[in-house]
Structure formats: structure tokens, C-alpha cells
There are 2 protein chains.
Amino acid sequence: MARKSSAVDPLRLDNQICFAVYSATHAFNRVYKPLLDRLGLTYPQYLVMLVLWEHDDVPVKEIGEKLFLDSGTLTPLLKRLEAAHLVKRTRSSEDERQVLIALTPQGHALKEKARSVPQSILAASDCSVSELVAMKDEIVALRDRLNAVIGE
Amino acid sequence: MARKSSAVDPLRLDNQICFAVYSATHAFNRVYKPLLDRLGLTYPQYLVMLVLWEHDDVPVKEIGEKLFLDSGTLTPLLKRLEAAHLVKRTRSSEDERQVLIALTPQGHALKEKARSVPQSILAASDCSVSELVAMKDEIVALRDRLNAVIGE
DNA sequence: AAACATTCAATTGCGAACAATTAAATGTGA
DNA sequence: TCACATTTAATTGTTCGCAATTGAATGTTT
């Protein structure tokens, strides 16, 4: 019998979509790094800022739901953003369990400096916008199917 | 003038392919977690084992090139795999700068227990193999274009 | 051979990411 | 109201991931 062809060997690294996604994440990170250094942000911090630029004064929980992150990740990250004077953390008076995250004026202002970032990423992707949108939608659909399995 | 439509706002979280990829990586990780717990591996450790199951007795450098990871990540990870008796680390006699990583008998044997993992991931993806292969190829192509920009 | 540069792994320090636990606030049922 | 469960952040401990540096081994140039 012939050996199993490498093209269909399910344990082969190159055949694994998860590794493709995993390594693409790191590649994106490396492209973002120099751009975000100029803003004084890491990539996860940038994601939190994106959430806040859309909708300010939200509880930690809501940020976590949007980014699929928990308080173990967010609490120290938000403290660093607070130390950088980009956000303010205050206990909600209506529900004292919640901590509300609000942008400072500097946090608001940083949005202007961030506007050039997506354009730089698009250029690095070397790909049309419509292709990227199509890929994005496929990946999001896959992610949502995976997340659905976890909740079972 | 009308406000910029959210569908084309480049700073909107939902419009960012990088966030799609980033969050899909975490979703994959959460699906892998219970499967890999049974093997006593984390996901990055599983990737190293995939490399070694394909080609044994390789220097750290080569593992790093295949996984896009550096010694700062791999050295402690490989020490943990050695502590788990899955690999052996030995200085090369031809070039004493290199550390060669070889599977132990237990490391080899673990491949059999790992064979069911890809099937479980495929099931969780809830998607045809051909669709996944097409997505994987697109993502790899994007990753390689991003990595090409970094080297400039 | 001697001086210099390069390669390779290890180390240090920092920032995620997450499981598990804790503590306080809130909600619910008897 | 009192007991109990739930919700929310914070905390602790482990493992990545990477930049920057170190130190030893190897190459290269003259």
C-alpha cells in the first residue's frame, strides 16, 4: 500500500487551518507593532480603544463580550490604559459591581492619530478591499460556529 | 453631509479583518483546549509536536522557522516538553551552537493519541473540508504577504 | 593567525490570555 | 426578612510571544 499522501495527512502542519489562522494573527501583530508603537498602544489595547471610540462609558463586561476576553485579561490591561491617561475607571453608582470605562480627553484625541492605521494595514495586505471583506466574513462565520460549539 | 456609514468606517471593530483573525485564533484555542488536555499539551506545544512528528531531530531554529516563533518562546516551551519526557534536547556535535530536538519513545507514541484531534476540529468547524482548504489557502497567502512586508 | 562579524540558543522583562478562586453587590425564593 | 444563587471585577498562577541583550561557537577577511 502507498503511504498516505502528505496532501491529505490530517496531522500535517501545512494542512491545518488553525495554524494558518494562528500564524496570520502573529503576522498581523508584527505589522501593527511599529504603527501602534507611535500611538503608545499594544494590539489588544488598540482593540479596546476601538470599542471605546465607538461607544464610550461601558462596563468591563461589555468590552469583554465584544472582544471575547475576560476580566483576567482586561483588568490589568485597563489599568495600564488608565496609567497612560487614556481611560478612567469608575464604579457604577447604579450597580456597584460594575466598573465603567470612559475615555479621557487624551483617549478621545488619540482617535485622530489612529485614523491612518487601517490604511497602512490594507497596504501591507496587498489585496483588494472586497477580497478582504469576503475573507473577513468567512473567518467571522467560522469563528462564530466554533464559539457555538464551546457553549454546548 | 451624512455621517460616514458604519459599513465603511475603517476604525470600526467589525470591519477589521485582523480582529476576525485574532478572535478566530482564540476560538480555535478554546475548542482545542479540552482535546489537548487529554494529551497533556498546550496548543503551541501541539504545534511543536506536529513539526517533530513530521521530521525528528531538528534544531530549535528550524522549528522556529516553521512556526514563526523565536528562541524566547521556544526555549522555555521545549524545556517543558522535556520535563514531560516527550522530547530530548542535545547540543549538536557538528555545530555546538545548535540544540537538536528529538522525540522520546513517549513523544513518538503520543502521535497515535493525537490522530483523533483533527477530526474533532473539523466537526467543530461545521464546514466542508474543501471550504476549509480554500479558506486556509487564502489565509496563508495573506499571512505570507504580511510577512513579506515585515522583512523590508 | 588575529580581528571582526555572524549565528544560535538562552535569558530577562513586559504584556497578554486564561483557568480558578475570591469578594462584594445584586437578585430571588421561601 | 433571611438564606441562597447569580453577577461582576479583581486576583493568582501558568504559559505564551516578543524585544533586547548576552555568551558561546562558527565564519570571514586580511
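The values are calculated or read from the model by the stated rules, or taken from the named source; none is laboratory data. Treat the numbers as computed from the prediction; the structure is a model and nothing was measured. Cβ sites come from the backbone with ideal geometry, for glycine too, and all protein chains shown count toward neighbours. Side chains included, ligands, DNA and RNA excluded: accessible areas come from the protein's heavy atoms. Shrake-Rupley method; radii C 1.70, N 1.55, O 1.52, S 1.80 Å.
Measuring from label point to label point, each 7 Å out along Cα→Cβ, what is the B:His55 to A:Asp57 span in nm?
Taking the simple label geometry, B:His55 and A:Asp57 are separated by 5.9 nm.
Could you compute the FRET efficiency for B:Glu112 and A:Thr73, with r as their C-beta to C-beta distance and R0 at 25 Å, rounded to 0.05?
With R0 = 25 Å, the Cβ-Cβ based efficiency is 0.10.
For peptide B:128-141, compute the average count of partner chain beta-carbon atoms within 10 Å of each residue's beta-carbon. If you can, show how the numbers build up before the last one.
On the way: counts 0, 4, 0, 3, 6, 4, 2, 8, 8, 2, 8, 12, 7, 5.
Rounded to a whole number, the mean comes out at 5.
Considering every residue in A:116-125, what mean count of other chain Cβ atoms within 10 Å of its Cβ is obtained?
Values: counts 1, 3, 8, 1, 1, 6, 2, 1, 8, 6.
Going residue by residue through A:116-125 and averaging, the value is 4.
Reachable lysines from B:Lys61, Cα under 30 Å, same-chain residues fewer than 8 places away excluded?
Counting by Cα, and skipping residues close in sequence, B:Lys61 has these lysines nearby: A:Lys4, A:Lys33, B:Lys33, B:Lys79, B:Lys88, B:Lys111, B:Lys113, B:Lys136.
Give me the summed buried accessible area for the A-B pair, 1.4 Å probe, to the nearest 100 Å². Please list the in-between numbers first.
Working: alone 10790 and 10790 Å², together 16070 Å².
For chain A against chain B, roughly 5500 Å² becomes buried.
Considering only protein heavy atoms, with the full assembly of protein chains and a 1.4 angstrom probe, order A:Leu86, B:Leu122 by accessible area, largest first. Each step should come with its number before you reach the end.
Numbers: A:Leu86 15, B:Leu122 50 Å².
Most to least solvent-accessible, the answer reads B:Leu122, A:Leu86.
Starting from the Kirkwood Rh over alpha-carbon pairs, what translational D in µm² s⁻¹ does the protein assembly as shown have by Stokes-Einstein at 10 °C and 1.306 mPa s?
Details: Rh = 21.3 Å.
My calculation gives 74 µm²/s for D.
With every protein chain left in place, what is the accessible area per residue of region A:1-148 in square angstrom, probe 1.4 Å?
Values: 7670 Å² over 148 residues.
With all protein chains present, region A:1-148 gives 52 Å² per residue.
Using the Karplus equation 6.51 cos²θ - 1.76 cosθ + 1.60 (θ = phi - 60°), what ³J(HN,Hα) coupling, rounded to whole Hz, does each residue of region B:31-45 give in order, writing x for Gly and Pro?
So the J values, rounded to whole Hz, are 6, 5, 3, x, 5, 7, 4, 5, 8, x, 10, 8, 5, x, 5.
Quick one: if you stick a label point 7 Å off each Cα along the C-beta vector at A:Lys33 and B:Asp126, how many nm between them?
3.7
Placing unit charges on C-beta atoms (Lys and Arg positive, Asp and Glu negative, everything else neutral), compute the dipole magnitude of the protein assembly as shown about its Cα centre in debye, rounded to 20. Please list the in-between numbers first.
Numbers: 40 positive and 40 negative charges, 121 e Å.
Approximately 580 debye in magnitude.
Helix-derived [θ] at 222 nm for chain A: sum -39500 (n - 2.57) over DSSP H runs of at least 4, divide by residue count, nearest 500? Walk me through the intermediate numbers first.
On the way: 7 runs with 95 residues, N = 152.
Computed mean residue ellipticity for chain A: -20000 deg cm²/dmol.
Please work out the ratio of the alpha-carbon Rg of region B:4-108 to 2.2 N^0.38 Å and round it to two decimals.
On the way: Rg = 18.2 Å, N = 105, 2.2 N^0.38 = 12.9 Å.
In units of the 2.2 N^0.38 Å rule of thumb, it is 1.41.
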